[in-house]
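Peer 1: What follows is a single structure, and I will ask about it in a moment.
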Amino acid sequence: MKLSSRNWPKQFTAAIAICLSAWTAPVLAGATISPAQWTVEVNQIDAGALSVAPEFQVAIYENLLDELVKTKQFSTVLRDGDRATNAVPALLILTTTVESYSPGSEAKRAVTTVAGATKLKVRSRLRTREGQVVFESVVDGNVRFFGGNLRATHNLARNIAKAIKQAPLPDPAIN
């Protein structure tokens, strides 16, 4: 086929369309969410009887939302009180209760490597809307050497998300 100045834009456009469709089809196919995937609602952090600083509770909550999204295990990660939960058939509710909290000191960590650690221990529980517990674990998060005290909340959220991702969750179609 001979290219002429009149038909080359059509041939060029067709070639680009074919290349783009061949390139994007696998990407789009992999991006679809399986209908058998859970949605999770993350409840506010419960400090229990402990005096956990409010900024720690908020930081745990926000980091947990981010880390759960990163796992790509759930079709949607919803905040506590989101109205969309009423319309979701396959919903899991994540509750997190602080079991122990030891505030650390950044200054002590800077001077010595044996003192000043910030430590958090929480109990995380995933349950269905009906109350059936499908996952429960006690998870630790801490910052021992370098970093701010709130770094412990990031480490804790990452550890919770990792534990949930490794846990065998039931098929949402069965529940």
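Residues checked against (1) of a type outside the set (Lys, Arg); (2) buried (at least 19 other Cβ atoms within 10 Å of the Cβ); (3) assigned to a helix (DSSP H, G or I); (4) modelled with pLDDT under 95:
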position	(1), (2), (3), (4)
Ile33	yes, no, no, yes
Val40	yes, yes, no, no
Gln44	yes, no, no, no
Val69	yes, no, yes, no
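Peer 1: To continue, here is another question. Could you please give the count of residues in the stretch 46-67 that are within 18 Å of Ser124 (Cβ to Cβ), outside any loop (DSSP other than H, G, I, E, B) and not aromatic (Phe, Trp, Tyr)?
Peer 2: Of the residues in that region, 11 qualify.
Peer 1: Which one is modelled with the lowest pLDDT among residues in the stretch 79-124 that are outside any loop (DSSP other than H, G, I, E, B) and more than 25 Å from the chain's Cα centre (by Cα)?
Peer 2: Arg109
The values are calculated or read from the model by the stated rules, or taken from the named source; none is laboratory data. Since the structure is predicted, the reported quantities are computational estimates derived from the model, not experimental observations. Note: ideal-geometry Cβ built from the backbone for every residue, glycine included; neighbour counts use all protein chains shown.
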